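Here's the structure, in structure tokens; my notes come after.
The values are calculated or read from the model by the stated rules, or taken from the named source; none is laboratory data. This structure is a prediction, so every number in the text was calculated from the model and none was measured. Glycine also receives a Cβ, built like all others from the backbone with ideal geometry; neighbour counts cover every protein chain displayed. Keep in mind that these areas ignore ligands, DNA and RNA; they rest on the heavy atoms of the full protein, side chains included. Shrake-Rupley method; radii C 1.70, N 1.55, O 1.52, S 1.80 Å.
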Amino acid sequence: KGKYSSSLELLYQINNYICNTVEYDQSVVDNNISKTTSRTAYGPLIEGKGVCSAYSRALQLLMTMSDLACFVDGGSVVGGKHAWNIVRTTDGYYMVDSTWNDAEIPNLYLMVPEEVYDKDHQPERICITRSRVNYAYSGGKYDYLVYIGKAVTLSDLDKALYAYGTLGYCPNWLRVYDFYGDIKPYLTSTANALYDESGISVYYTAEWNAKW
């Protein structure tokens, strides 16, 4: 069954190793090739190329070799069939999509809760069924974006912006869990706090992207 995943760095390093060393094999998709190493763990790990099922199987293999519990799951996304991973931790199951993590904005799907990936991943629940899955809560401790300070819950948004503001830095984006209403009051509150307490004059502006 594997141990509960307890090492953040190991989880992230396995994902990043795959993203940094594997090239997506578009020719397999374009030519509808079914029998190929680019659909197995061998493709990414030995040949350096593969499609989403290969990315997922490679991640599962490396996680299993590290004695960490990881499953391959799959379903549909915009564009067709897709595969990803579900990882078991001490505070629930998280999702990893190493194929999509290898993107212009990296690691948006690295240890994310169900509410994030359900927006654009529709699982078929073939490999892992909902009845035996206790998904992690929003912004759980294994969430990579929380770990690097790029994801917060709504109640902590102003605190996060204040912390950035005291350093003279404004993030180009943040993932905000449990978001509702208008984001502008939080931006104004933070700007006022920075001015009142530190004399730092800033003006925040933001656009909400529901997809992320």
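The table for this structure:
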quantity: Extended-chain gain in nm, criterion 0.36 nm per residue less alpha-carbon gap, L154 and T188; calculated: 10.8 nm
quantity: Residue-normalised accessible area of the stretch 42-129, expressed per residue, 1.4 Å probe, Å²; calculated: 39 Å²
quantity: Viscosity 1.567 mPa s, 4 °C: Kirkwood-radius Stokes-Einstein D of the stretch 79-158 over Cα pairs, µm²/s; calculated: 98 µm²/s
quantity: Cα centroid of the stretch 128-189 to Cα centroid of the stretch 38-80, whole Å; calculated: 28 Å
quantity: Trypsin sites (Lys or Arg not before Pro) lying in DSSP loop within the stretch 20-127, provided at most 15 other Cβ fall within 10 Å; calculated: K35, K119, R125
quantity: nm² value of the averaged projected area, convex hull over the Cα atoms of the stretch 1-77; calculated: 5.6 nm²
quantity: Angstrom value of the Kirkwood radius, inverse mean 1/r, which spans all Cα pairs in the stretch 109-212; calculated: 15.3 Å
quantity: Percent carbon-and-sulfur accessible area, the chain, ignoring ligands, DNA and RNA, probe 1.4 Å; calculated: 52 percent
quantity: Net charge contributed by nearby residues that have their C-beta within less than 12 Å of G139 (K/R +1, D/E -1); calculated: -2
